[in-house]
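Worksheet: one structure, shown below.
The values are calculated or read from the model by the stated rules, or taken from the named source; none is laboratory data. Since the structure is predicted, the reported quantities are computational estimates derived from the model, not experimental observations. Heads up, the Cβs are rebuilt from the backbone with ideal geometry, glycines too, and the neighbour counts pull from every protein chain shown. We work out accessible area using only protein heavy atoms, side chains counted, and drop any ligands, DNA or RNA first. Shrake-Rupley method; radii C 1.70, N 1.55, O 1.52, S 1.80 Å.
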Amino acid sequence: DWDADALRDIVRDYVIEHLADDDAVLVIDETGFLKQGKASCGVARQYTGSAGKITNCQIGVFATYVSRHGHAFIDRALYLPKEWTDDPDRLEAAYVPADASFATKPKLATKMIARAIAASVPFRWVAGDTVYGVGAIEQQLRRAGKGYVLGVSSAHVFRSWGKRPPVAGTAADIARTRRSSDWKRLSAGAGTKGPRLHDWCYLELAELEAEPFNGASAGLWTRGLRIRRRIADGDLAFFTTWCPAGTSIETLVAVEGHRWAIEDSFETAKNEFGLDH
């Protein structure tokens, strides 16, 4: 009688026992598992960053707990494309539970965040890439009193409230208006070749009372836009942020820098523990 979710909870509790920290970051990301054939549960032709192209694969969404003590997976969910959830016979043949239905990757992420909160997992921040940077996840984290640094596309629209001078437009348009003095060179953490240096710009767009989102919280929180510029070629990446008022850009850069830990988790789990088999 194998209960995979019960084992997930045991692993999560074990991780928290050893790595718990109130300032921890919950990192959400996905990875692909290259597969041949049509029988493996959830397999389809879909994009995966693991291969950098559309190919036959499964996609898993994962949550890694990252603290000053270390990092490890605490949750996972298999993404089922619509071509699977619209085919009851195929679901039954793969022993998919009868109550399974289509869920987007952000929806899978919100369920994992909710499970972590329900289990009283201590964390202060959530970080993720552009797949998870808009919509329900932002509202969920504001209600939970959690800060976030979430990737968004260059076309994502930002507007300031009560700030001077006012800011409005797409992330890419706003970046083009920044002066050289607006950028700060900072490290997002140590990499294999030394500090991971980028140029960063941070715009505080609004200060909002936390209480309407979370009755247990009080005080001002800041809604912001953070831009990362690669030193070598000027390539830009954009992030929507939510944090207690007065949070420094250095802290937000450090939070985003924790995202490398889930890539390390994927690499170790696939190479050393057969996660991709």
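Listing for the model above:
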read-out: Residue count, the range 191-240 (criterion: under 17 Å from residue 155 (Cα atoms), touching a residue at least 60 places away in the same chain (Cβ under 8 Å) and open to solvent by less than 30 Å² (accessible area, probe 1.4 Å)); value: 6
read-out: Filter result for residue 262 (part of a strand (DSSP E or B) and either at negative phi or small (Gly, Ala, Ser) (or both)); value: no
read-out: Cβ pairs under 9 Å, 6+ apart, first in the range 247-270 and of a type outside the set (D, E, K, R), second in a loop (DSSP other than H, G, I, E, B) and open to solvent by less than 20 Å² (accessible area, probe 1.4 Å); value: 258/24
read-out: Residues of the range 173-190 that turn out to be small (Gly, Ala, Ser), open to solvent by 30 Å² or more (accessible area, probe 1.4 Å) and modelled with pLDDT of 90 or more, as a count; value: 3
read-out: First in the range 81-95 and more than 16 Å from residue 47 (Cα to Cα), second anywhere and aromatic (Phe, Trp, Tyr) and in a loop (DSSP other than H, G, I, E, B), Cβ under 7 Å, 6 or more apart; value: 85/102
read-out: Those residues of the range 244-260 which are crowded, with 21+ Cβ neighbours inside 10 Å and either of a type outside the set (A, V, I, L, M, F, W, C) or at pLDDT below 95 (or both), in sequence order; value: 256, 257, 258, 259
read-out: Odd one out for residue 170, checked against (1) surrounded by 14 or more Cβ atoms within 10 Å (Cβ to Cβ); (2) over 24 Å from the mean Cα position of the chain (by Cα); (3) not small (Gly, Ala, Ser); value: (2)
read-out: Every pair of residues 6+ apart whose Cβ atoms lie under 9 Å, when the first sits in the range 47-76 and is outside any strand (DSSP E or B) while the second is basic (Lys, Arg) and surrounded by fewer than 19 Cβ atoms within 10 Å (Cβ to Cβ); value: 50/270
read-out: Enumerated strands (runs of 3 or more DSSP E) restricted to the range 93-178, each holding at least 3 residues that are in contact with an Asp or Glu (Cβ under 8 Å, 6 or more places away or on another chain), under 23 Å from residue 263 (Cα atoms) and not aromatic (Phe, Trp, Tyr); value: 147-152
read-out: Residue that is farthest from residue 108 (Cα to Cα) [pool: residues in the range 77-87 that are part of a strand (DSSP E or B) and among the aliphatic types (A, V, I, L, M)]; value: 78
read-out: Residues located in the range 96-113, provided they are in contact with a strand residue (DSSP E or B) (Cβ under 8 Å, 6 or more places away or on another chain), surrounded by 18 or more Cβ atoms within 10 Å (Cβ to Cβ) and without any contact (Cβ under 8 Å) to a residue 60 or more places away in the chain; value: 108
read-out: Residues of the range 158-172 classified as modelled with pLDDT of 95 or more and hydroxyl-bearing (Ser, Thr, Tyr), total; value: 1
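Conditions tested, residue by residue: (1) more than 24 Å from residue 260 (Cβ to Cβ); (2) surrounded by 13 or more Cβ atoms within 10 Å (Cβ to Cβ); (3) at pLDDT 95 or above.
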{"position": "3", "(1), (2), (3)": "yes, no, no"}
{"position": "6", "(1), (2), (3)": "yes, no, yes"}
{"position": "15", "(1), (2), (3)": "no, yes, yes"}
{"position": "26", "(1), (2), (3)": "no, yes, yes"}
{"position": "38", "(1), (2), (3)": "yes, no, no"}
{"position": "76", "(1), (2), (3)": "no, yes, yes"}
{"position": "80", "(1), (2), (3)": "yes, yes, yes"}
{"position": "84", "(1), (2), (3)": "yes, yes, yes"}
